[in-house]
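The values are calculated or read from the model by the stated rules, or taken from the named source; none is laboratory data. Not measured: the values here are computed from a predicted model. For neighbour counting, all protein chains shown are included, and Cβ atoms are generated from backbone atoms with ideal geometry for every residue, glycine included.
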Amino acid sequence: MTMGEVGASTVLDLDVTTLKDVTPECNPIPYLVEDGSFTVLLKGDANGDGRIDMADCMYLAKHILSLSGFEQIVEAAVDVNGDGEIDMADCMYLAKHILEIVGFEELK
């Protein structure tokens with residue numbers, strides 16, 4: 001294949017340091033770069049199904065408790081309270097966000 005054809009590939013030298021959302025706090029948006037693929041992560045999506053729901057709270061809690069089958073997690077996507085740690089406080093914050101409790105509207 002030559003460059004310019006549909007399906008052709010070329011080396012892309014991409015240097016992304018920080019993505020931020022449009023909130024007044026300019027919260028960082030988590031992302032992964034693996035094997036040449038750039039993926040923006042959905043904050044709070046602990047189980048990776050593309051939705052934020054109570055299943056994510058359950059998955060995160062099981063991960064924190066080190067239950068078998070729940071080892072894989074993207075930490076940048078589940079530190080929803082923004083304290084730099086992954087713990088039950090994130091699980092509670094996420095649950096309150098899902099239940100639309102005032103004060104938990106934004107995932108950090």
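Descriptive notes on the structure:
Here is a yes/no grid of residues against (1) buried (at least 18 other Cβ atoms within 10 Å of the Cβ); (2) in contact with a helix residue (DSSP H, G or I) (Cβ under 9 Å, 6 or more places away or on another chain); (3) in contact (Cβ under 8 Å) with a residue 24 or more places away in the chain:
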| position | (1), (2), (3) |
| --- | --- |
| Tyr31 | no, yes, yes |
| Gly36 | no, no, yes |
| Cys57 | yes, yes, yes |
| Leu67 | no, yes, no |
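- Residue in segment 13-34 that is part of a strand (DSSP E or B) and of a type in the set (A, V, I, L, M, F, W, C) present: yes
- In the set (1) at pLDDT 90 or above; (2) part of a strand (DSSP E or B), the condition left unmet by Phe38 is number (1).
- Only listed residue being in contact (Cβ under 8 Å) with a residue 24 or more places away in the chain, buried (at least 18 other Cβ atoms within 10 Å of the Cβ), touching a helix residue (DSSP H, G or I) at 6+ places or on another chain (Cβ under 9 Å) and of a type in the set (A, V, I, L, M, F, W, C), chosen from Ile98, Ile52: Ile52
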